[in-house]
Amino acid sequence: MPTLTGPITVDGAVVNVLVGVSEARRQTLRRVGFPVPAPSALRAVLDTGSFVRLADVQAILPLGVAAYDRRRFLTSATGPRPHVRDVYKLSVTLLAASGTTLAYWPSVDVLPAVFLPADTVHGIIGRDLLATSVLHFDGKSGAFSLTV
């Protein structure tokens, strides 16, 4: 099983990912001769406090995918009033520092979020994908490892 290691930065344990159309959509687009949109590259923080993946809306829009659902959820910022977000069926690829693929999830729910252009992180990998891996967060040494 491949392992990704990196420093714990002020933003946390941050990884490089690609967010693209789902595998099923990619195959359909190819079968009918339509171009497949290039996946969006972004930096995402590994967040055991998040239940789902979030990606910058600016990474999702170029994929040309319509939301298939809306989801209500509560956070500490919402208080008793839930957020309501669109849900997109997309693929997520975890990249090594060299840019090679370490893990590929062909079809997962991704919720859009708005990040500032100056932000270094434009996505969140939550517990749903982390549940398929082993995350070691070593605060004392300032490093993390993720085995997928």
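The values are calculated or read from the model by the stated rules, or taken from the named source; none is laboratory data. Worth saying up front: this structure is predicted, and the values here are computed from it rather than measured. Ideal geometry is used to build each Cβ from the backbone, glycine not excepted, and the neighbour counts take in all protein chains shown. What goes into the accessible areas is simple: the full protein's heavy atoms, side chains included, and nothing from ligands, DNA or RNA. Shrake-Rupley method; radii C 1.70, N 1.55, O 1.52, S 1.80 Å.
Just the residues that are of a type outside the set (A, V, I, L, M, F, W, C), open to solvent by 50 Å² or more (accessible area, probe 1.4 Å) and touching a residue at least 24 places away in the same chain (Cβ under 8 Å), please, taken from segment 97-116. Steps first, please.
We begin by selecting, within segment 97-116, every residue of a type outside the set (A, V, I, L, M, F, W, C); these are 98-101, 104, 106-107, 109, 112.
Subset that is open to solvent by 50 Å² or more (accessible area, probe 1.4 Å): 98, 100-101, 104, 106-107.
Passing the criteria: Pro106, Ser107.
Taking the conditions exactly as written (surrounded by 19 or more Cβ atoms within 10 Å (Cβ to Cβ) and either modelled with pLDDT of 95 or more or not hydrophobic (A, V, I, L, M, F, W, C) (or both)), does Ala24 satisfy them or not? The answer is no for Ala24. Residues of segment 33-48 being charged (D, E, K, R) and either surrounded by fewer than 17 Cβ atoms within 10 Å (Cβ to Cβ) or farther than 20 Å from Ser76 by Cα (or both), which ones? Within segment 33-48, just Arg43 meets the criteria. Here are some conditions: (1) over 30 Å from Ser141 (Cβ atoms); (2) open to solvent by 30 Å² or more (accessible area, probe 1.4 Å); (3) under 16 Å from the mean Cα position of the chain (by Cα). Phe51 meets all but one. Which one does it not meet? So the condition that Phe51 fails would be (1). Residues considered: Val114, Val108, Val57, Val121. Of these, the only one that is under 17 Å from the mean Cα position of the chain (by Cα), closer than 24 Å to Gln27 by Cβ and not small (Gly, Ala, Ser) is Val108.
Sort out which residues of segment 60-76 are assigned to a loop (DSSP other than H, G, I, E, B), out of contact with any His (no Cβ under 8 Å at 6 or more places or on another chain) and farther than 20 Å from Tyr104 by Cβ, and write them in order of number.
Narrowing segment 60-76 to residues assigned to a loop (DSSP other than H, G, I, E, B): 64-68, 74-76.
Now narrow it down to the ones that are out of contact with any His (no Cβ under 8 Å at 6 or more places or on another chain): 64-68, 76.
Listed by number, the residues that qualify are Gly64, Ala66, Ala67, Tyr68, Ser76.
Being more than 18 Å from the chain's Cα centre (by Cα), farther than 24 Å from Thr3 by Cα and either open to solvent by less than 60 Å² (accessible area, probe 1.4 Å) or at pLDDT below 95 (or both) is not true of Arg30.
Summed over segment 80-96, residues that are part of a strand (DSSP E or B) and open to solvent by 40 Å² or more (accessible area, probe 1.4 Å) total 5.
Can you confirm whether Thr78 is modelled with pLDDT of 90 or more and not hydrophobic (A, V, I, L, M, F, W, C)? Walk me through it before giving the result.
On the way: modelled with pLDDT of 90 or more: no; not hydrophobic (A, V, I, L, M, F, W, C): yes.
No: the conditions fail for Thr78.
Of all residues being assigned to a loop (DSSP other than H, G, I, E, B) and either free of Cβ contacts under 8 Å to residues at least 24 places away in the same chain or not hydroxyl-bearing (Ser, Thr, Tyr) (or both) in segment 133-148, which is most open to solvent (accessible area, probe 1.4 Å)? Just the residue, please.
Initial filter on segment 133-148 (assigned to a loop (DSSP other than H, G, I, E, B)): 133, 139-142, 148.
Those still in the list that are either free of Cβ contacts under 8 Å to residues at least 24 places away in the same chain or not hydroxyl-bearing (Ser, Thr, Tyr) (or both) too: 139-142, 148.
Working: Gly139: 55, Lys140: 207, Ser141: 77, Gly142: 28, Val148: 28 Å².
Per the criteria, the residue is Lys140.
When you check Arg85 against the structure, is it among the basic types (Lys, Arg) and in contact with a Pro (Cβ under 6 Å, 6 or more places away or on another chain), yes or no? Answer is no for this residue. Of all residues in segment 55-75, those being modelled with pLDDT under 85 and open to solvent by less than 50 Å² (accessible area, probe 1.4 Å) number 1. Only one entry of Val17, Val45, Val52 meets the criterion of being under 20 Å from Ala131 (Cβ atoms), in contact with a Phe, Trp or Tyr (Cβ under 9 Å, 6 or more places away or on another chain) and in contact (Cβ under 8 Å) with a residue 60 or more places away in the chain, and that entry is Val52.
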